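Below is one structure; the comments refer to it alone.
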Amino acid sequence: MMPKANLVLFGIEINPALYRACLVNMALFSNHPFSIICADSLMLDGNKTGPSSKLWDYGNQWLMPDLSPFYWKAPPPPPINPKSFSLKAFTEKDK
């Protein structure tokens, strides 16, 4: 709608087939610079993936690179085994 506007387009697609279709469409029809990555947007860590992040340097590649360093990592759950598990301690840990 505004071909002369100063825009930089960013996008995330999880499906590899749709990601590649998006790359083709953007290359053919976009007048603006763009960076599209193939990733799970719900798993990306917001602290590592801002507009100035190195993540966007991996965009626009036909063969998708490994983006797991940019994914959110949950802390490991506490070990549960018969010797260290207490139902009372487990149910009262958030109180």
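If you take the residues in the range 5-14 that are more than 11 Å from Met64 (Cβ to Cβ) and touching a residue at least 12 places away in the same chain (Cβ under 8 Å), which one is surrounded by the fewest Cβ atoms within 10 Å (Cβ to Cβ)? Ranking the candidates gives Ala5 first.
The residue that is surrounded by the fewest Cβ atoms within 10 Å (Cβ to Cβ), among those in the range 19-47 that are farther than 27 Å from Ala5 by Cα and among the aliphatic types (A, V, I, L, M), is Leu42. Scanning the range 48-63 for residues being closer than 30 Å to Met2 by Cα and in a loop (DSSP other than H, G, I, E, B) gives a total of 9.
For the range 48-70, what are the residues that are out of contact with any Leu (no Cβ under 6 Å at 6 or more places or on another chain), surrounded by 13 or more Cβ atoms within 10 Å (Cβ to Cβ) and more than 19 Å from Arg20 (Cα to Cα)? Answer for the range 48-70, where residues must be out of contact with any Leu (no Cβ under 6 Å at 6 or more places or on another chain), surrounded by 13 or more Cβ atoms within 10 Å (Cβ to Cβ) and more than 19 Å from Arg20 (Cα to Cα): Lys48, Ser53. State yes or no: is Pro51 at pLDDT 90 or above and in contact with a strand residue (DSSP E or B) (Cβ under 8 Å, 6 or more places away or on another chain)? No: the conditions fail for Pro51. Scanning the range 18-41 for residues being polar (S, T, N, Q), over 20 Å from Phe70 (Cβ atoms) and either in a helix (DSSP H, G or I) or touching a helix residue (DSSP H, G or I) at 6+ places or on another chain (Cβ under 8 Å) (or both) gives a total of 1.
Across the range 64-86, which residue is nearest to Met2 (Cα to Cα) among those that are hydroxyl-bearing (Ser, Thr, Tyr) and modelled with pLDDT under 90?
Ser68
The values are calculated or read from the model by the stated rules, or taken from the named source; none is laboratory data. These figures come from a predicted structure and were not determined experimentally. Cβ: placed from backbone, ideal geometry, glycine included. Neighbour counts: every protein chain shown.
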